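Student: Sharing a structure, written as structure tokens. Questions coming.
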Amino acid sequence: MKFENLGLCKEVLSSINEMGYTKPTEIQKKAIPDILMGRDILGCAQTGTGKTGSFIMPLIEILNCGKSKSRMPRSLILAPTRELAMQVSEEFNSINKYLKLQMALLIGGVSFTEQDNKLSKGVDVLIATPGRLLDHIQRGKVLIKDVKFLVIDEADRMLDMGFIPDIIKINKLLPKIRQTLFFSATLSHEIRNIGKDLLINPKEITVDNYSSISKNIDSIFIKANNKNKMNDLKTLLNIETVRSAVIFCNKKTDIDKVNNFLQKNNFKTVCLHGNLDQNLRIKSLEKFKNRSAEILIASDVAARGIDINGLSHVFNFDVPNNPEDYVHRIGRTGRAGNKGKAYTIFDKNDEKNIFLIEKLIKKKVYKI
């Protein structure tokens, strides 16, 4: 199947072509036709499957006819983190290149005045984190009673981060008659129950079981003494041919420690975690994406949803406490047909978490 067969206009097709997309991914093939038909969607798909494009492309197609009103957006996309919201906005800008739809990005760390000015001019698409959107609503700077199209992205992470009460508040302010797309990496019982309150007779689409690991990823567990983890990590980085890598830590304090240690050993690193202010987070991502830094040291929450092209390695400085986070972490590499390597450093105290990972992926991990 080609993008031309999905019912998208020539302007969107031209943008997609310039972005280097040659054919739709599985989620795009399954979701776009139903979205264009007006169906609600309950989608299960990981980052890296083309999920963002699967709702941005038809959204632009649908909104292309119509006009925005001051402070009354026609569509709303909710994302759990600032970084993911920024990434969605970048995708929108790329696909919207030959059209004139207006978009506003409402995230923390950016002045209210700048965002208010954008809203006052009228926007077709509002991309926001739940907390910042509610701030604007409470200040009377935006009305969402005219939203015809709602997207909730990374719903499972919304649940983990405690945003579901905010989602419920926002939902009560939205019109009941609308089209809703609800995407999650997992479809647990709790996520399905939340979806029932938001969706009407949805089409369920599942792509890539979350417990599956790409065959393009070589995943290796390295046993170490907890006191020597830093040096073991340095040894791995020196042995491997690292083009670009993400190092995941469970604790924010460890991110800073690893960052300082590697910088003292002449590695070009940046870090990303929830305690950094917005400007520093943006600068860290820019340095990593433009390759002025070869290593990003991050937490799961901060890195959720960030898609980096050509990532050669993932290093787990800590075994994740949640087995699904392991699949999510190593899935950052080995994308688009490329080979990738994932190393996880563990000690004797990690056996329980490793067992949970093996239970999820339904096979033994390779240890050395």
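The values are calculated or read from the model by the stated rules, or taken from the named source; none is laboratory data. Computed from a prediction, not measured in an experiment: that's the story for all the values here. Neighbour counts run over all protein chains shown; Cβ positions are idealised from the backbone, glycine included. What goes into the accessible areas is simple: the full protein's heavy atoms, side chains included, and nothing from ligands, DNA or RNA. Shrake-Rupley method; radii C 1.70, N 1.55, O 1.52, S 1.80 Å.
Student: Once you charge only the Cβ atoms, +1 for Lys and Arg and -1 for Asp and Glu, what is the size of the charge dipole of the chain about its Cα centre, to the nearest 20 debye? Walk me through the numbers on the way to the answer.
Tutor: Details: 58 positive and 41 negative charges, 43 e Å.
For the chain, the charge dipole is close to 200 debye.
Student: Counting only heavy atoms of the protein chains, get the accessible area per residue of the range 1-125 (1.4 Å probe) and round it to a whole Å² value. Before the final figure, lay out each step's value.
Tutor: Values: 5210 Å² over 125 residues.
Accessible area per residue, the range 1-125: 42 Å².
Student: I'm checking a number: the convex hull volume of the Cα atoms of the range 16-86, normalised per residue, in Å³. What is it? List each step's numbers first, then the result.
Tutor: Details: hull volume 9.7 nm³, N = 71.
So the per-residue hull volume is 136 Å³.
Student: Let me know the whole percent of all Cα-Cα pairs from the range 146-212 that are separated by more than 16 Å.
Tutor: Working: 1019 of 2211 pairs.
The calculated P(r) of the range 146-212 puts 46 percent of pairs beyond 16 Å.
Student: Summarise the accessible area of the chain (1.4 Å probe, protein heavy atoms) by the percent that is carbon and sulfur.
Tutor: Taking all protein chains in place, the chain shows 49 percent carbon and sulfur surface.
Student: Work out how much length residue 171 to residue 367 would gain on full extension: take 0.36 nm times their residue separation and subtract the Cα-Cα distance, in nm to one decimal.
Tutor: 65.9 nm
Student: On to the next question. List residues of the range 1-21, by number, whose backbone nitrogen lies under 18 Å from a label position 7 Å along Cα→C-beta of residue 36.
Tutor: Output list for this probe position: 1-18, 21.
Student: Summing -39500 (n - 2.57) over the DSSP H runs of n ≥ 4 in the chain and dividing by its residue number, what mean residue ellipticity at 222 nm do you reach, to the nearest 500 deg cm²/dmol?
Tutor: Values: 15 runs with 151 residues, N = 368.
-12000 deg cm²/dmol, from helical runs alone.
Student: How many angstrom lie between the C-alpha centres of the range 1-38 and the range 104-134?
Tutor: About 28 Å separates the Cα centre of the range 1-38 from the one of the range 104-134.
Student: Mind ordering 94-107, 151-164 by average Cβ neighbours within 10 Å, highest first? Present the calculation step by step, with values, prior to reporting the outcome.
Tutor: Numbers: 94-107: 19.3, 151-164: 20.8.
Descending mean neighbour count gives 151-164, 94-107.
Student: Another question, then. Give me the net charge for the shell around residue 276: Cβ to Cβ below 12 angstrom, other residues only, Lys and Arg +1, Asp and Glu -1.
Tutor: Numbers: positive: 82, 252, 281, 283; negative: 83, 256, 277.
Combined, the nearby Lys, Arg, Asp and Glu give +1.
Student: Okay, next question. So what's the projected area for the chain, the Cα convex hull averaged over all directions, in nm²? Don't skip to the answer; put the middle values down first.
Tutor: Working: hull surface 71.6 nm².
Mean projected area of the Cα convex hull: 17.9 nm².
Student: I would also like to ask the following. Just list whichever of 227/251; 51/283; 234/363; 2/339 have alpha carbons separated by over 19 Å in the model shown.
Tutor: On the way: 227/251 16 Å; 51/283 25 Å; 234/363 28 Å; 2/339 25 Å.
From 227/251; 51/283; 234/363; 2/339, over 19 Å: 51/283; 234/363; 2/339.
Student: Just tell me which aspartates and glutamates come within less than 20 Å, Cα to Cα, of residue 196; anything on the same chain fewer than 8 places away is out.
Tutor: Straight-line reach from residue 196, under 20 Å: 34, 40, 153, 154, 156, 160, 166, 204.
Student: Also, quick follow-up: Mind checking the full-extension length gain between residue 197 and residue 275? Use 0.36 nm per residue of separation minus the Cα-Cα distance, one decimal, nm.
Tutor: Values: separation 78, 0.36 × 78 = 28.08 nm, distance 3.30 nm.
Contour length minus Cα-Cα distance gives 24.8 nm.
Student: How many percent of Cα pairs in the range 187-293 exceed 19 Å?
Tutor: Beyond 19 Å sits 63 percent of the P(r) for the range 187-293.
Student: GNM on the chain, C-alpha springs below 10 Å: top fluctuator among 224, 128, 31?
Tutor: Per the Cα network of the chain with a 10 Å cutoff, 224 tops the list.
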